[in-house]
Amino acid sequence: MIQLVTKYPAYKIINYDKLDYCSSLKNLESIADEPNYEFVHGDVLAVDLVNYVIRKEGVDTIMHFAAQTHVGEAGAHGPMPATQRMDPTVAALDAPARDPRPRPQTTRSATR
C-alpha cells in the first residue's frame, strides 16, 4: 500500500479494510495524510458500503490483497473453509455488478 501511494501520486488509492486481528493502521502512518490516500473501515461482505465507496470515489480498478489468517495461526484453528477464503474476494469483485444504478462507462486504449 505504501509503495502504491508513493509511487503513483496521480492515482487515488483507497484502502478498504475491516481491520481484523492481524491488522494495524500503525503500519500505514507514513501515508495516512497523503492527498492520494484514503482509508475506509469496512468489511468487503458489506455490499452496500462497498458499492457506496465505488460510486463516491469513481473506482475503476479493484486490487484485492486481503489475507485473514497467518501461517502460524492456520494450524491452531484448523483448516479454513473455502467459503471463508473466497467469499470476501467474490463480494469485492462482484459488488459493482450487483448495483442496479448506471455507472459511467470508461474507454481504455491499448498501446504496443
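The values are calculated or read from the model by the stated rules, or taken from the named source; none is laboratory data. This is a predicted model, so every value here is computed, not measured. Counting neighbours? That spans all protein chains shown, and the Cβs are built from the backbone with ideal geometry, glycine included.
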Condition first: of a type in the set (D, E, K, R) and either in a loop (DSSP other than H, G, I, E, B) or surrounded by 11 or more Cβ atoms within 10 Å (Cβ to Cβ) (or both). Now tell me which residues in the range 1-39 satisfy that.
12, 17, 18, 20, 29, 33, 34, 38
Inspect the range 48-60 for any residue being of a type in the set (Lys, Arg), modelled with pLDDT under 80 and either in contact with a strand residue (DSSP E or B) (Cβ under 7 Å, 6 or more places away or on another chain) or outside any strand (DSSP E or B) (or both) and give the result as yes or no.
no
